[in-house]
1. Can you find, within region B:256-279, the residue that is farthest from B:Ser295 (Cα to Cα) among those that are crowded, with 16+ Cβ neighbours inside 10 Å and out of contact with any Phe, Trp or Tyr (no Cβ under 7 Å at 6 or more places or on another chain)?
2. Here's a check for you: in region B:64-90, which residue that is free of Cβ contacts under 8 Å to residues at least 24 places away in the same chain and either assigned to a loop (DSSP other than H, G, I, E, B) or at the interface with chain A (Cβ under 9 Å from one of its Cβ atoms) (or both) is surrounded by the most Cβ atoms within 10 Å (Cβ to Cβ)?
3. Among residues belonging to region A:133-185 that are surrounded by 19 or more Cβ atoms within 10 Å (Cβ to Cβ) and small (Gly, Ala, Ser), point out the one that is farthest from A:Asp233 (Cα to Cα).
4. Which members of region B:145-180 meet the condition of being in a helix (DSSP H, G or I) and either in contact with a strand residue (DSSP E or B) (Cβ under 9 Å, 6 or more places away or on another chain) or crowded, with 22+ Cβ neighbours inside 10 Å (or both)?
5. In the set A:Leu239, A:Leu228, A:Leu202, A:Leu211, which member is surrounded by 13 or more Cβ atoms within 10 Å (Cβ to Cβ) and either more than 22 Å from A:Thr79 (Cα to Cα) or at pLDDT 95 or above (or both)?
6. Any residue at all in region B:110-117 that's buried (at least 22 other Cβ atoms within 10 Å of the Cβ), within 10 Å of another protein chain (Cβ to nearest Cβ), in contact (Cβ under 8 Å) with a residue 24 or more places away in the chain and out of contact with any strand residue (DSSP E or B) (no Cβ under 7 Å at 6 or more places or on another chain)?
7. Is it the case, given these coordinates, that B:Tyr235 is of a type in the set (Phe, Trp, Tyr) and out of contact with any Gly (no Cβ under 8 Å at 6 or more places or on another chain)?
Amino acid sequence: MTAIVTAALIRDTFREAFARKIFWALFGLSTVLIAFFIFLMRIDVVEGANATVSLFGHTSGRTTEVRRLVDGAYGGIATFLYTWAMFLAVFASAGLIPSILEPGRIELLLSKPVRRSHILLGRYAGNILVVALNSIYLVLAVWIVFGIKTGIWEQQFLVAILTTVFIFAVLLSIVVLAGVLFDSPAVATMITVGLMIMSPILAQTRIMMKLLSSEWSRDAWRIVYYTLPKVYDIGKITLDIVAGHSAPDAWMPVWSSALFGAAMLSAALFVFSKRNF
Amino acid sequence: MSSEYAIEAERLTKIYRSRLSRREIRAVDDVSLQVRRGATYGLLGPNGAGKTTFVKMLLSAVHPTSGGARVFGEDASRPEARRPIGYLPENHRFPTYFTGFGMLDFYAALSGLDQATRGKRIPEVFARVGLEEKFGDMRVGKYSKGMLQRLGLAQALIHAPTLLILDEPADGVDPVGRREIRDILTGLEQQGVTIFINSHQLVEVELFCDEVAILCKGKLALSGKVKDLTAGKGYRLAAAQVPDALQQALCAQASLVAARDHGVEFQFPTRELANHAVDLLRSQKCEIESLIPTSSTLEEVFVKAVEQ
């Protein structure tokens, strides 16, 4: 019963994502990017080894330079995925929660023998899957294209899938809470994007500690920084890992963001369970 | 599911409070009612009477401020209580990205039906509500209002519920369609399905329901069997020059007596009593001015209840 209901809720989210062209827009964008690398990266192979690699007009023959080029491209894609694609995913997903709360639709959902938390979590999971599938598609395809063309198979690039889906799950929890509180995709988007934009500013903690004059303002800054999701920090960690560098303090941004996401989602479930429709 | 009642509402109350002024609106006020298993029950009331809020509390879409409700003996707030319920909301908004079959599949899955059962039930129910199979793969957004209403009924029936709660089921359906829906509901009633209708269409309710409750301003104004509530049916006899002794004798048999300008008017509940009265009046040379069959419709009962 639980599996049937969960599968139905996830399928429904996919159907709506397809109907709203969300899935296809993300999929199309990923495909354009993959095609870009397929056709723009030219490799001359001499006696089984890469003689020259040409990318973005830059030509290189040395193996170390080729690796640097590949790492750079991986970094670019990870950044794209993590920033612009994340913005697009948040914009696209913002409507998927309030849409089920529309009068005439929510009553029907609630009339079924399904817990309210199950309905909301089913939508949440469906939404994450939509974005996860697109991330997997883009990252895996680019990784395969680069691997085949350069012979360099750097598995750390695949970490971008995990971090992108993770931070999207955290951001989506804000969308869900704002959605059940305000029934408005616009408000849900504004709040989430606002937090995304604030993240790189808040991440400058060391500088701000020097700039802020009073202890209470420094405490306030720390509280806000440690409470809110660390989109920027996790993005930076992703880039470090993709580039093969060590990522210091990797866990604090991850667990504190996870905690924030869990708190947001719990609050959303609480609000949803108490609401009258 | 051992209770003899499909629905039991016990002092059900819903108070909405405005956030700023804290003004209270009692949407449903201390309503207690019981619906027997297998009954056809109509919930009536003017706009804003609290009918929809009452129904939503049965479905746990609205949380009661106080009191409680049970469905087949199960606390209505529990998800399991909704398993035997098929519900058709008023002003339903089905996602337009669904096809007819796709929508039924989704709601059937939410009711816990496995894929094999869904595959079997969907075309059956689709046909049962009078929708042609060719519309099954058509997007819901292209359905007419009448078709949407039938599709809504189909989703309510998809898991073979034992309690059907219908909010304005004939809304937007043409007279032929209304008749068809009534026939479907009659078939379900014969199978022992309890049918609870929330409607403005008094004639439909009178034709179909055994029992009704009338809500007014959130309170239960009246409830009972339709035949008892419309017992005002009978014959109105107007006569002149009626001697006092005879008038008193007839008063004992009449359900209503009213003095008129040139005589007196009696209301008799049966034809036999009316005929007997005519015989007595003629035997004493009284003038019979008129004899009219009358009926107290549910509409009259409704208006009276609401005005009181």
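The values are calculated or read from the model by the stated rules, or taken from the named source; none is laboratory data. Since we're looking at a predicted model, the values are computed, not measured. Quick reminder, even Gly has a Cβ in these numbers, built from the backbone with ideal geometry, and neighbours come from all protein chains shown.
1. Taking the candidates together, the pick is B:Gly263.
2. Kept after step one, since they are free of Cβ contacts under 8 Å to residues at least 24 places away in the same chain, are these residues of region B:64-90: B:75-82.
Adding the requirement that they be either assigned to a loop (DSSP other than H, G, I, E, B) or at the interface with chain A (Cβ under 9 Å from one of its Cβ atoms) (or both) leaves B:76-82.
On the way: B:Ala76: 21, B:Ser77: 15, B:Arg78: 14, B:Pro79: 15, B:Glu80: 11, B:Ala81: 21, B:Arg82: 26.
Result: B:Arg82.
3. Restricting to residues being surrounded by 19 or more Cβ atoms within 10 Å (Cβ to Cβ) and small (Gly, Ala, Ser), the top hit is A:Gly179.
4. Going residue by residue through region B:145-180, those that are in a helix (DSSP H, G or I) are B:145-157, B:175-180.
Those that are in a helix (DSSP H, G or I) and either in contact with a strand residue (DSSP E or B) (Cβ under 9 Å, 6 or more places away or on another chain) or crowded, with 22+ Cβ neighbours inside 10 Å (or both): B:Gln149, B:Arg150, B:Leu151, B:Gly152, B:Leu153, B:Ala154, B:Gln155, B:Ala156, B:Leu157.
5. Working: A:Leu239 fails: either more than 22 Å from A:Thr79 (Cα to Cα) or at pLDDT 95 or above (or both); A:Leu202 fails: either more than 22 Å from A:Thr79 (Cα to Cα) or at pLDDT 95 or above (or both); A:Leu211 fails: surrounded by 13 or more Cβ atoms within 10 Å (Cβ to Cβ).
Testing whether each residue is surrounded by 13 or more Cβ atoms within 10 Å (Cβ to Cβ) and either more than 22 Å from A:Thr79 (Cα to Cα) or at pLDDT 95 or above (or both) leaves just A:Leu228.
6. Here is the first cut: in region B:110-117, the residues buried (at least 22 other Cβ atoms within 10 Å of the Cβ) are B:110-111, B:113.
When the remaining residues are screened for being within 10 Å of another protein chain (Cβ to nearest Cβ), the result is B:110-111, B:113.
Now restrict to residues that are in contact (Cβ under 8 Å) with a residue 24 or more places away in the chain: B:111, B:113.
Adding the requirement that they be out of contact with any strand residue (DSSP E or B) (no Cβ under 7 Å at 6 or more places or on another chain) leaves B:111, B:113.
For region B:110-117, residues buried (at least 22 other Cβ atoms within 10 Å of the Cβ), within 10 Å of another protein chain (Cβ to nearest Cβ), in contact (Cβ under 8 Å) with a residue 24 or more places away in the chain and out of contact with any strand residue (DSSP E or B) (no Cβ under 7 Å at 6 or more places or on another chain): present.
7. Working: of a type in the set (Phe, Trp, Tyr): yes; out of contact with any Gly (no Cβ under 8 Å at 6 or more places or on another chain): yes.
Judged against the criteria, B:Tyr235 is a match.
Table: residues versus (1) within 14 Å of another protein chain (Cβ to nearest Cβ); (2) within 22 Å of the chain's Cα centre (by Cα); (3) not polar (S, T, N, Q).
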{"residue": "B:Gly102", "(1), (2), (3)": "yes, no, yes"}
{"residue": "B:Glu168", "(1), (2), (3)": "yes, yes, yes"}
{"residue": "B:Gly172", "(1), (2), (3)": "yes, yes, yes"}
{"residue": "B:Glu180", "(1), (2), (3)": "no, yes, yes"}
{"residue": "B:Ile184", "(1), (2), (3)": "no, yes, yes"}
